[in-house]
Amino acid sequence: MLDTILYPLEWVVANVMVIWHWVWSAIGLDPAAGITWALSIVGLVITIRAALIPLFVKQINASRAMQVIAPDLKKIQDKYKGKKDQASREAMSRETMELYSKHKTNPFASCLPMLIQAPIFFALFRVLNYRLEGNASGSGSTEGIGMLTNEVAAQAQHAELFGASLSDSFFNSPGAAAKILSVVLIVAMVATTFLTQHQLTRKNLPASALEGPMAQQQKILMYALPFIFVISGPNFPIGVLIYWTTTNVWTFGQQWYVIRNNPTPGSEADRLHKERLAAKAAKRAAKRGEDPQAAVIEAAPEEESAQKRSGQRQQPKRKSRGGGKSQQLPVNDDKDLS
Amino acid sequence: MSIAARALGGAIRGYQLTVSPLTGPRCKFHPSCSHFALEAIQVHGAAVGSSLAAWRLLRCNPWSNGGVDDVPAKGERLFRLTRNNAAMLTEPTSAV
């Protein structure tokens, strides 16, 4: 059953790897060398992530469109300001999501792409473990797949990267070379995962999201994750570790770009982003021969006062509206009763 | 609840507690896909609930607009193309 489901994916993974192997060989790398096959896996990551770039761009455009609905979003946030009980959180979340949907923009990446990447990872695991290694040891049903014929698979299996084969894992390898390489890659994998997490949580979350039990749990997990990898990593073939580390590096870079250019409002990254914009404005002013200090001062308080003004303007409305609406909404009725 | 429903529910809770906090919020809907799956399995049982959850995951793709989408009540139409958000009030917003 699993064979049938994963066969098409294994076929794609194997073919992409062989095509990249052909590309690397064409530009002069030794076809039988381990580094060529390791770079083929890097190529696989590039192919998959490049194919996902349109989705990434779509998400960025969606977060740009967020500026249009920012006033409405603020209204909702003001309405539920200081209400920390579950029912109000739920009602706020409902209203926010409905607002996004109504304006056909949604800052979230959606669940499906993440789920699609997992089978690809699993398919690579199977290609390395069964098609390469199984092929070499002659055990099980391990005939070639797509362009990864038995001969090519045998070449890949015997290709050595620092004396280790791509299908070797820490627990399943003959020499010390594979064990050392495996440890190095596990450390790299843990480091890149941790850095990506750290970047996301410390820089791109608003202050409100950094408090409370959920944030606490996130923090604990961030530090616990390396241990999980240290336990599971030694079972992974070196090729899978290369794939994972490369994909982490890509994710980190992509996330860095998003955080720099489209930070979450109210986060540390947002503050830095605004600072950079202000500095740029000052530089431009200096070029034009104006007083740079004036430009910065002009730019900064304008924003602040705009926020203050809108806050003051909404305050009287907020109270009467919040009370009136809570009786109309069935969701809020529950909250009032409880 | 059947054993299958309990096992699935446990797996989803496990995901919510360990994997989900690490990836940050990413679901376009409310309730989120995993909460939807939990509720769907509670209300409709393991088989129908899982299918409902799978259908929701397919709709949570880059081309969807998300929004409020509740688990259909028993007896209601199960698999629909439009969202099940009758509970939401429609209010005018300033940005059109």
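Hey, does segment A:62-82 have a residue that's open to solvent by 30 Å² or more (accessible area, probe 1.4 Å) and in contact with a strand residue (DSSP E or B) (Cβ under 7 Å, 6 or more places away or on another chain)?
Within segment A:62-82, none of the residues are open to solvent by 30 Å² or more (accessible area, probe 1.4 Å) and in contact with a strand residue (DSSP E or B) (Cβ under 7 Å, 6 or more places away or on another chain).
Out of B:Leu57, B:Leu22, I need the residue that is at the interface with chain A (Cβ under 7 Å from one of its Cβ atoms), under 10 Å from the mean Cα position of the chain (by Cα), outside any loop (DSSP other than H, G, I, E, B) and not hydroxyl-bearing (Ser, Thr, Tyr). Which one? Break it down stepwise before answering.
Numbers: B:Leu22 fails: under 10 Å from the mean Cα position of the chain (by Cα).
Of the residues listed, the single one that is at the interface with chain A (Cβ under 7 Å from one of its Cβ atoms), under 10 Å from the mean Cα position of the chain (by Cα), outside any loop (DSSP other than H, G, I, E, B) and not hydroxyl-bearing (Ser, Thr, Tyr) is B:Leu57.
Pick from B:Val48, B:Val96: which is more than 22 Å from A:Leu55 (Cα to Cα), of a type in the set (A, V, I, L, M), open to solvent by 50 Å² or more (accessible area, probe 1.4 Å) and at pLDDT below 85? I'd like the intermediate steps shown before the answer.
Values: B:Val48 fails: at pLDDT below 85.
Answer to the check: B:Val96.
Considering only residues that are modelled with pLDDT of 80 or more and not in a helix (DSSP H, G or I), look in segment A:66-84 and name the one that is farthest from the other protein chains (Cβ to nearest Cβ).
A:Lys81
Among the residues of segment A:19-39, how many are assigned to a loop (DSSP other than H, G, I, E, B) and surrounded by fewer than 15 Cβ atoms within 10 Å (Cβ to Cβ)? Lay out the reasoning, then the answer.
Within segment A:19-39, the subset assigned to a loop (DSSP other than H, G, I, E, B) is A:27-33.
Keeping just the survivors that are surrounded by fewer than 15 Cβ atoms within 10 Å (Cβ to Cβ) gives A:27-28, A:30, A:32.
Looking only at that region, the number is 4.
Of these, A:Gly43, A:Gly28, which one is of a type in the set (Gly, Ala, Ser) and touching a Phe, Trp or Tyr at 6+ places or on another chain (Cβ under 8 Å)?
Values: A:Gly28 fails: touching a Phe, Trp or Tyr at 6+ places or on another chain (Cβ under 8 Å).
Answer to the check: A:Gly43.
Only one of A:Ser101, A:Ser167, A:Ser182 is open to solvent by less than 20 Å² (accessible area, probe 1.4 Å) and more than 25 Å from the chain's Cα centre (by Cα); which?
On the way: A:Ser101 fails: more than 25 Å from the chain's Cα centre (by Cα); A:Ser182 fails: more than 25 Å from the chain's Cα centre (by Cα).
The conditions single out A:Ser167.
Check off (1) open to solvent by 60 Å² or more (accessible area, probe 1.4 Å); (2) within 10 Å of chain B (Cβ to nearest Cβ); (3) assigned to a helix (DSSP H, G or I); (4) not aliphatic (A, V, I, L, M) for A:Phe56 and give me the number that stays unchecked.
Looking at each condition in turn, A:Phe56 falls short on (1).
Restricting attention to segment A:191-200, does a residue exist that is modelled with pLDDT of 75 or more, open to solvent by less than 20 Å² (accessible area, probe 1.4 Å), assigned to a helix (DSSP H, G or I) and farther than 17 Å from A:Gly233 by Cβ?
Yes, that holds for at least one residue.
Would you tally the residues in segment A:170-179 being open to solvent by 70 Å² or more (accessible area, probe 1.4 Å) and not in a loop (DSSP other than H, G, I, E, B)?
The first filter runs over segment A:170-179 and keeps only residues open to solvent by 70 Å² or more (accessible area, probe 1.4 Å), leaving A:171-172, A:174.
Filter once more, so that each one left must be not in a loop (DSSP other than H, G, I, E, B): none.
Within segment A:170-179, residues that are open to solvent by 70 Å² or more (accessible area, probe 1.4 Å) and not in a loop (DSSP other than H, G, I, E, B) number 0.
Determine whether A:Ile116 is under 26 Å from B:Tyr15 (Cβ atoms), aliphatic (A, V, I, L, M) and open to solvent by 70 Å² or more (accessible area, probe 1.4 Å). Lay out the reasoning, then the answer.
Numbers: under 26 Å from B:Tyr15 (Cβ atoms): yes; aliphatic (A, V, I, L, M): yes; open to solvent by 70 Å² or more (accessible area, probe 1.4 Å): yes.
Here the answer is yes, as A:Ile116 does meet what is asked.
Can you report the number of residues in segment A:215-254 which are open to solvent by less than 50 Å² (accessible area, probe 1.4 Å), polar (S, T, N, Q) and under 30 Å from A:Lys179 (Cα atoms)?
Selection size over segment A:215-254: 6.
Quick check on segment B:16-29. Is at least one of its residues modelled with pLDDT of 85 or more, open to solvent by 30 Å² or more (accessible area, probe 1.4 Å) and not charged (D, E, K, R)? Please lay out each step first, then the result.
Initial filter on segment B:16-29 (modelled with pLDDT of 85 or more): B:16, B:27-29.
Adding the requirement that they be open to solvent by 30 Å² or more (accessible area, probe 1.4 Å) leaves none.
No: segment B:16-29 contains no residue that is modelled with pLDDT of 85 or more, open to solvent by 30 Å² or more (accessible area, probe 1.4 Å) and not charged (D, E, K, R).
Select from segment A:90-110 the residues that are touching a Phe, Trp or Tyr at 6+ places or on another chain (Cβ under 9 Å) and hydroxyl-bearing (Ser, Thr, Tyr) and list them in ascending order. Break it down into steps so the answer makes sense when it comes.
Of the residues in segment A:90-110, the ones touching a Phe, Trp or Tyr at 6+ places or on another chain (Cβ under 9 Å) are A:91-92, A:95, A:97, A:100-101, A:106-110.
Within segment A:90-110, A:Tyr100, A:Ser101, A:Ser110 qualify.
Taking the stated definitions as given, is B:Pro62 in contact with a Pro (Cβ under 7 Å, 6 or more places away or on another chain), outside any helix (DSSP H, G or I) and within 14 Å of chain A (Cβ to nearest Cβ)?
Values: in contact with a Pro (Cβ under 7 Å, 6 or more places away or on another chain): yes; outside any helix (DSSP H, G or I): yes; within 14 Å of chain A (Cβ to nearest Cβ): yes.
Yes.
Among the residues of segment B:65-78, write down those that are closer than 22 Å to A:Lys104 by Cα, open to solvent by 20 Å² or more (accessible area, probe 1.4 Å) and not charged (D, E, K, R).
Residues of segment B:65-78 that are closer than 22 Å to A:Lys104 by Cα, as a first pass: B:65-71.
Filter again for open to solvent by 20 Å² or more (accessible area, probe 1.4 Å), leaving B:65, B:70.
B:Asn65, the sole residue that qualifies.
Can you name the number of the only condition in (1) within 14 Å of another protein chain (Cβ to nearest Cβ); (2) open to solvent by 50 Å² or more (accessible area, probe 1.4 Å); (3) at pLDDT below 80 that A:Ala109 fails?
If we test A:Ala109 against (1) within 14 Å of another protein chain (Cβ to nearest Cβ); (2) open to solvent by 50 Å² or more (accessible area, probe 1.4 Å); (3) at pLDDT below 80, just (2) comes out false.
Which of (1) more than 14 Å from chain B (Cβ to nearest Cβ); (2) surrounded by 14 or more Cβ atoms within 10 Å (Cβ to Cβ); (3) of a type in the set (Ser, Thr, Tyr) does A:Tyr257 not meet, given it meets every other one?
Checking A:Tyr257 against (1) more than 14 Å from chain B (Cβ to nearest Cβ); (2) surrounded by 14 or more Cβ atoms within 10 Å (Cβ to Cβ); (3) of a type in the set (Ser, Thr, Tyr), the one that fails is (2).
The values are calculated or read from the model by the stated rules, or taken from the named source; none is laboratory data. It should be emphasised that the depicted structure is a prediction, and the values quoted were computed from it without experimental measurement. Don't worry about glycine lacking a Cβ; one is built from the backbone with ideal geometry, like all the others, and counts go over all protein chains shown. These accessible areas exclude ligands, DNA and RNA; they are computed on the full protein's heavy atoms, side chains included. Shrake-Rupley method; radii C 1.70, N 1.55, O 1.52, S 1.80 Å.
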